[in-house]
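Structure, as structure tokens:
The values are calculated or read from the model by the stated rules, or taken from the named source; none is laboratory data. A quick note: this is a predicted structure, and the numbers were derived from the prediction, not measured. We place every Cβ from the backbone using ideal geometry, glycine too, and count neighbours over all the protein chains shown.
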């Protein structure tokens, strides 16, 4: 697979700061997009790639913290790095509790910001990967017939084939057939794999 | 005998001759002493005779003695004497003697006299000696030893002096002188000889050429003896005559004395007789004098009598009193001229008789007259009768007779002597007076005042009807000291003391006292009394009134009750501010007695020490306008509470203040509340300031942080680039450019923040800075006085206007004044003085604010204008920096001037350049 392209979103009302941050971040080979306010960010469309968000707390209109909450409630899982001119403890606690990666006070050290961005992007990448994987699994699971799904459900719970057959009311052989077809579809190499897959699917539910 | 030419010749003395010479010396001395006495006793020509005779005798004596001495001395060669020189020697001797006698015979011999005398004498003697030596004719040369010569001369002076003194002392002719004289003569004789032989010793003889022997006499003893005998004879003669003379003198003296004695006796006898005679004469004269005096006296009496008589007649005429005499039992009547005049009868024609007299008497009074006449004869005492007489033309006169009965040796009435006075006018006057008296009495009794009067001793002899009816007592009961019974027991002592004092000193009397009414009730009266004086100032009578003041007193009482009940501390003061009334509440509250509170006691005893601003109060009273002041009053329990004292003046018609009235209300609670409010306000302001500060800080932080962040980020980027293998210089350049821009932006932000600190929109007008200063003083007046700050302003007249924002400039002044106040609050002991001065200075207005606080230390002085720098515990440190900003934005300059005491801030503002 190619290195996934990532993007860093910077939302700060100070143009000078925006430009400076862009300069800095691009210098390490990352792509940056600048926004002057939360609204601006929301109203623009972004490619759905690995990304993170560098967010000033003090913004015109909605504040950074509130925006964080809004994103969370809108299920936008982009990782957030807060930067702020004046940071007090309650503010930072709230930000971190809300799931922010980092809380930096201006003026911050360049390395601190870059490190935070890396972590954020990593997290996002990881998430996306995880989600992709889940999606694939789900797809595969969707491709199973109902009878196959039934069998899988019982098999992964540890029920022997004979019992499964008896439960459903089909023959053991049929159970075996369904099981192997399901495993094929699911691309599980072993029963253990299948179990794991089903577990993962269950968690995501 | 070998005579050597070199050696002196040895002389030899014939000692018998020496002895004879000494004898002669003694004799001569005695003679001298004697003669001295003679010369002294004598006078005039006799004296001169004695002097000359004495001198000759003495001279011969001395000369002989020397010659004898010379003759006693023998030399181995023949010695002759040149007799002229001898005679010269004699004359010298006589001269010396004369001097001696003269000196010793004077009344006084002073030291100078004695000395001069002795020198002359010794000169004479020396002269004599050396002349004798010079008279020697011999084949020899005489040499003198200077030393011995000097000795001999010295001896001569000494001898002379001794001789003079002795002679002077012995010249008196007293008994017992003779032995002494002999003694002295011996001494003198020996002395003379000693002197001679010393002189001789001084000479030494050497062989010499043969002498010229013309006119010489030889050394023949016989001649010598002859000379001696002659001399002795002379001396004896002298002595003899001297003694004879003395005796004669003595006798004469004796006779003189006797004579004198007898004369004295006789004189004293005569004196006695004289005295007696004089005494007699004196007595005689006295007698004569006495006689003369009595004669004169008689004359005088006679004259006096005459004069008296004339006067009597005169007096009678003036007084219209005539006198009369009635002989008894003949009833012969004699009238004086005046009596005639009274009766209008002619003395030439009318001879008064008893019936004639009675005829003239008014018929109605005849009986009275007769009765009086009869009665007096019996009584024998002075009598009087008043009666009328009728004149020819019908006029009636009223007469008054006074007479006395005189008795003869046997005690029988002999005559009546009396006076008769025309009292018609007096009678009339009395009637008129009585009439007016009656009217007056009516008035006095009708006036609705109690009136009284009495003699100078303070007793009462008159009370008008009003008083009598009030007391229900009669005049008799009130008279004298009786009036005292109506006094209230509590007032008695005071009234009597005061009245007695008035009576004694003549000062008007005034007292408020209670008098008892007829029904037993007491009412208050104002009793007043004034004295009536005669022309010499002595008091004749006392007059007075009693005015019923019961109602007034009651009203006073009610008023007092009201004043005392009012829930306020009420007082009144005299125009100068000393209290003359403090209501009950005041006294109860402060716990002061009347005495403690009156005068200025209210301030001294009830005010808090810090509030006893006597000067200010006095000034306020003097100003005469209503005023109010706050002060802490001490409560009875010694705690202090704040009070508001309000005073209003009461004026008379001319507008002068005659009294101050005031009330004092408790404002402690209000004060506390005020203070709490002020406190809260301060706190609030502080909190607001702090709040603002915090916000400001946040703002600053944020505003400045933005460009800073950009700068830091850009710089980090640039470093990364430059540190990498392939720096993108274009990007770096861009980044650095942005850094510069952001730096500029940051500074602009700071300027903007500073501008923000100067709050509000600035409204500038042309203003008078003095007005601004005064406004601030008014604003902070209370604050200043509450902190006992003494403010002095020196604002220059006619300052040019400045263009500025009055609110902002006020803010600056408030800041400076409040800083000053805070500084001075630190010291409680020193006086708190604040000076605000304004002046014109070239193109600027110059304002100075100086306090008397501890001042600002030099190392702090540099920093006080920094923002956030403060030395105050609760200070924000913004005041001065803001003030400076304001002043500088006005184009002026605010600075701290170094000062030895206190802090001195001054700022300048440019004068408006006028159109």
From (1) touching a helix residue (DSSP H, G or I) at 6+ places or on another chain (Cβ under 6 Å); (2) without any contact (Cβ under 8 Å) to a residue 40 or more places away in the chain, pick out the condition that doesn't hold for residue B:634.
-> (2)
Scanning for something buried (at least 19 other Cβ atoms within 10 Å of the Cβ), over 14 Å from residue A:110 (Cα atoms) and at pLDDT below 85, does region B:733-741 turn up at least one residue?
-> no
Complete set of residues in region B:528-563 that are exposed (fewer than 15 other Cβ atoms within 10 Å of the Cβ) and over 25 Å from residue B:500 (Cα atoms) | B:551, B:552, B:554, B:555, B:556, B:557, B:558, B:559, B:560, B:561, B:562
Could you count how many residues in region B:720-758 are more than 8 Å from chain A (Cβ to nearest Cβ), over 14 Å from residue A:26 (Cβ atoms) and in a helix (DSSP H, G or I)?
-> 22
Helices (runs of 4 or more DSSP H) completely within region A:79-184 that count 1 or more residues being within 14 Å of chain B (Cβ to nearest Cβ) and closer than 19 Å to residue A:58 by Cβ | A:89-97, A:110-143
Any chance residue B:469 is in contact with a strand residue (DSSP E or B) (Cβ under 8 Å, 6 or more places away or on another chain) and without any contact (Cβ under 8 Å) to a residue 60 or more places away in the chain | no
Kindly provide the set of residues from region B:649-664 that are surrounded by fewer than 15 Cβ atoms within 10 Å (Cβ to Cβ) and in a strand (DSSP E or B), ordered by number.
-> B:650, B:651, B:658
Condition check for residue B:800: within 14 Å of chain A (Cβ to nearest Cβ) and either under 30 Å from residue B:852 (Cα atoms) or not in a helix (DSSP H, G or I) (or both) = no
Hey, could you check region B:698-718 for residues that are at the interface with chain A (Cβ under 7 Å from one of its Cβ atoms) and over 18 Å from residue A:10 (Cα atoms) and say which is farthest from the chain's Cα centre (by Cα)?
-> B:702
Which residue pairs have Cβ atoms under 6 Å apart, sit 6 or more places apart or on different chains, and have a first residue in region B:885-903 that is under 19 Å from residue B:751 (Cβ atoms) and a second that is surrounded by fewer than 20 Cβ atoms within 10 Å (Cβ to Cβ)?
-> B:885/B:758; B:891/B:910
Go over the candidates A:138, A:127, A:179 one by one and state the one that is over 30 Å from residue B:719 (Cβ atoms), touching a residue at least 12 places away in the same chain (Cβ under 8 Å) and exposed (fewer than 15 other Cβ atoms within 10 Å of the Cβ).
-> A:127
Qualifying position, being modelled with pLDDT under 85, away from every other protein chain (no Cβ under 14 Å) and either assigned to a helix (DSSP H, G or I) or within 27 Å of residue B:780 (Cβ to Cβ) (or both), among B:629, B:671 | B:671
Which number in (1) farther than 22 Å from residue B:554 by Cβ; (2) surrounded by 12 or more Cβ atoms within 10 Å (Cβ to Cβ); (3) under 55 Å from the mean Cα position of the chain (by Cα) marks the one condition that residue B:514 misses?
-> (1)
Would you mind telling me which numbered condition in (1) out of contact with any strand residue (DSSP E or B) (no Cβ under 8 Å at 6 or more places or on another chain); (2) surrounded by 16 or more Cβ atoms within 10 Å (Cβ to Cβ); (3) on the phi > 0 side of the Ramachandran plot residue B:603 fails?
-> (3)
If you take just the strands (runs of 3 or more DSSP E) that sit entirely in region A:1-72, which of them hold at least 1 residues that are within 14 Å of chain B (Cβ to nearest Cβ) and surrounded by fewer than 19 Cβ atoms within 10 Å (Cβ to Cβ)?
-> A:31-35
